[in-house]
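Below: the structure, in structure tokens.
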Amino acid sequence: MPRVDWPKILTALAPKLSGANYNTWLKPARVIEDRFEEVVIAVPTDYAKHWLENHLLAQIKERVGEQLGGQTAVKIIVKRPEPSLKKPADLPLLQTEAKKAKPKRPNPFNPKYTFENFIVGNNNRLAFAAAKVVADKPGEAYNPLFIYGGVGLGKTHLIQAVGNEVHAHNPTKNLIYTSCETFASEFINSLQTKTIGEFKRKYRSVDLFLIDDIQFLSGKEGTQEEFFHTFNILHQTNKQIVITSDRVPKDIPNLEERLSSRFNWGMIADIQTPNFETRLAILQAKAQDSGLIVGGEILEYIANQITSNVRELEGCLTKLATAAKVENEEINIPFVSRTLKDLLQTGGTNLTAKKVVSSVAAYFELEMSDLLGKKRIKELVYPRHLIMYLLRERLGQTFPQIGETLGGKDHTTIIYGVGKIAKNIKTNDEIEKHLKDIERLLY
Ligand code: ADP
Ligand code: MG
């Protein structure tokens, strides 16, 4: 007789989490041991363990304590899911297939996009971890994996990295990467040329299906229908599906509900804009890869200016490399600012301190002058801390610079404020939500 009422605990904790967090982290957790002194909860991955321990363990302990009395320890362990058994009917087929030595297939993925050269920061840690799990054990952990995030933040890189990794270990498997637009136009073509049979065979026989930019299914009813069947067949036979999108499923307009609900079956992972340190790390890695020799201060300068898009960061380096070669000049700040003038001023991606303050003010419906002034009111404290944090993370400002922006505050006050947000963000989903909402205003 189990003594812990685990479903009850799930129900109690669910409202405290976002739907995606609940589905990804809490829902797969199972009680596997329920003894007098210890309750053991199993989760499918190291990362899920890590996440639950950091975010929910205390609350789970509290609930278990309420049910069983305070002394019971709660432990989270990793137990990978058993590979699903093939249906007996499939066995003869599998055996004959195994006898024929399968030919290796050429690698269809872009060799530029690997896990090794993907720089991991707080903005993409979850998506990276999930992509790795899926590449290690296709079809076993999360299916589908749905990665979403803004333009130029590494979605295509990650999904292709999954492909490269799976191909390296299973070169005989049929792995397909396609953009959603290609999928749609192939489908329409196949209708026109009466080759729909071939189209279906192609996509329904894949072992790993990577589909990029699924938001383009929006409004395409016929393609949605076809994709729906493809998805079902692959999912039922435990073929891994990885999907990227520029937004969460429910925000894709004119997408059938049966599809968007399926996209929520596995794991949903986001990629946010990288912070200053991560931008700098990306620039360092890319500069090194391309043999471009530039000083740290140049990279910092670029990381300070381009704040929302990794593709643009790369663009800057490429342009610099070419210009330096052509003009045969030393790469210093004046040269950089001259060469990159267009890139640094386009797209409204230039984030300024003022923009940060005005966005926070708008978000909390406060006056900018109050936020920057000397009033010591409780309501202003938290928004000011957020400003400090954003100036540090997004603009890479120094503590004294931030102090100055905020109307002459001492740098120790700033260190305290930034630290406070950085510390609490790990345990407080609300802060994370505020920051995400504000960032939407920033860019
Ligand atoms: P998206 O598909 O999200 O629009 P991409 O995957 O095409 O973005 O990324 C744009 C460029 O930025 C690519 O060249 C990619 O290699 C690079 N990039 C993005 N994120 C990272 C990262 N974390 N580390 C290294 N390179 C990255
Ligand atoms: Mg892309």
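Bear in mind that the values in this text are calculations on the coordinates, not laboratory data. In this text, all values refer to a predicted model and were calculated from it rather than measured experimentally. All Cβ positions, even for glycine, are placed from backbone atoms using ideal geometry, and neighbour counts span all protein chains on display.
Can you list, largest first and rounded to whole Å, the semi-axes you get for the range 202-250 by taking the square root of 5 times each eigenvalue of its Cα gyration tensor?
19, 13, 9
Read phi for every residue in the range 22-29 and hand back ³J(HN,Hα) as whole Hz from Karplus 6.51 cos²θ - 1.76 cosθ + 1.60, θ = phi - 60°, with x for Gly and Pro.
Running phi through 6.51 cos²θ - 1.76 cosθ + 1.60 with θ = phi - 60° gives 4, 4, 6, 9, 8, 4, x, 6 Hz.
Taking H as built 1.01 Å from N, whose amide H comes closer than 5 Å to the amide H of E38, not counting residues under 5 places away?
Those lying under 5 Å, H to H, from E38 are A73.
Near the amide H of I76, under 5 Å away, which other amide H atoms are found, from residues 5 or more places off or on another chain, if H is placed in the peptide plane?
Correct list: I41.
Anything over 20 Å Cα to Cα? Flag those among K16/K49; K16/K355; K79/K137; K137/K250; K132/K426, in the order listed.
Checking Cα-Cα distances, K16/K355; K137/K250; K132/K426 exceed 20 Å.
Can you pull the percent of Cα pairs in the chain with separation above 39 Å?
33
Amide H neighbours of I147 under 5 Å, at least 5 residues apart or on other chains, H built in the peptide plane: list them.
Residues meeting the amide H criterion: I243, T244, S245, A269.
With label points built 7 Å along Cα→Cβ from the Cα atoms of T427 and A58, find their separation and express it in nm.
0.3
Could you please report the charge total around Q401, scoring K, R as +1 and D, E as -1 over all other residues with beta-carbon less than 12 angstrom from its beta-carbon?
+1
Length gain on complete extension for the stretch N170 to I293, per 0.36 nm per residue less the alpha carbon to alpha carbon distance?
Here the segment from N170 to I293 would lengthen by 40.5 nm.
Return the sequence-ordered ³J(HN,Hα) values of the range 310-324 in whole Hz as given by the Karplus equation 6.51 cos²θ - 1.76 cosθ + 1.60 applied to θ = phi - 60°, using x for Gly and Pro.
With the stated coefficients, the range 310-324 comes to 5, 4, 5, 4, 4, x, 4, 5, 4, 5, 4, 4, 5, 4, 5 Hz.
What is the Rg over Rh value, at two decimals, for the range 27-77, using alpha-carbon atoms and the Kirkwood definition of Rh?
Value, to two decimals: 0.95.
Quick check: pseudo-label points 7 Å beyond the Cα along Cα→Cβ at S179 and H229, how many nm apart are they?
For S179 paired with H229, the spin-label model returns 2.6 nm.
Sticking with the crude label model, points 7 Å out along Cα→Cβ, report the distance from E300 to K319 in nm, one decimal please.
Label at E300, label at K319, 2.2 nm between them.
Listing F199, F335 from the residue with the fewest other Cβ atoms within 10 Å to the one with the most, what is the order?
Ascending number of Cβ neighbours within 10 Å: F335, F199.
Using 14 Å as the cut-off for backbone N distance, which residues of the range 63-81 belong to the label zone defined by a point 7 Å from the Cα of K8 along Cα→Cβ?
Counting backbone N atoms under 14 Å from the label point, the list is 63-70.
Among K420, K8, rank each residue by its count of other Cβ atoms within 10 Å, from fewest to most, as a rough exposure measure.
Ranked by crowding around the Cβ, least crowded first: K8, K420.
Rounded to two decimals, what ratio of Rg to Rh does the range 381-443 give with C-alpha atoms and a Kirkwood Rh?
0.96
Once fully extended, how much extra length lies between K79 and E329, figured as 0.36 nm per residue of separation less the alpha-carbon to alpha-carbon distance?
84.3 nm
Return D212, D342, D34 ranked ascending by Cβ neighbour count within 10 Å, so the fewest neighbours appear first.
Fewest-to-most ranking of D212, D342, D34: D342, D34, D212.
At R0 = 60 Å, how high is the FRET efficiency between S337 and V40 if r is their beta carbon distance? Nearest 0.05 is fine.
Computed FRET efficiency for S337 and V40: 0.55.
Over the range 337-443, what portion of Cα pair distances is larger than 25 Å, expressed as a whole percent?
Result for the distance tail: 20 percent.
Tell me, what is the FRET efficiency for M368 and Y416 to the nearest 0.05, using R0 = 22 angstrom and their Cβ-Cβ distance as r?
0.50
What is the gain in length, in nm to one decimal, between K112 and R440 on full extension, counting 0.36 nm per residue of separation less the C-alpha to C-alpha distance?
Working it through step by step, the gained length comes to 115.1 nm.
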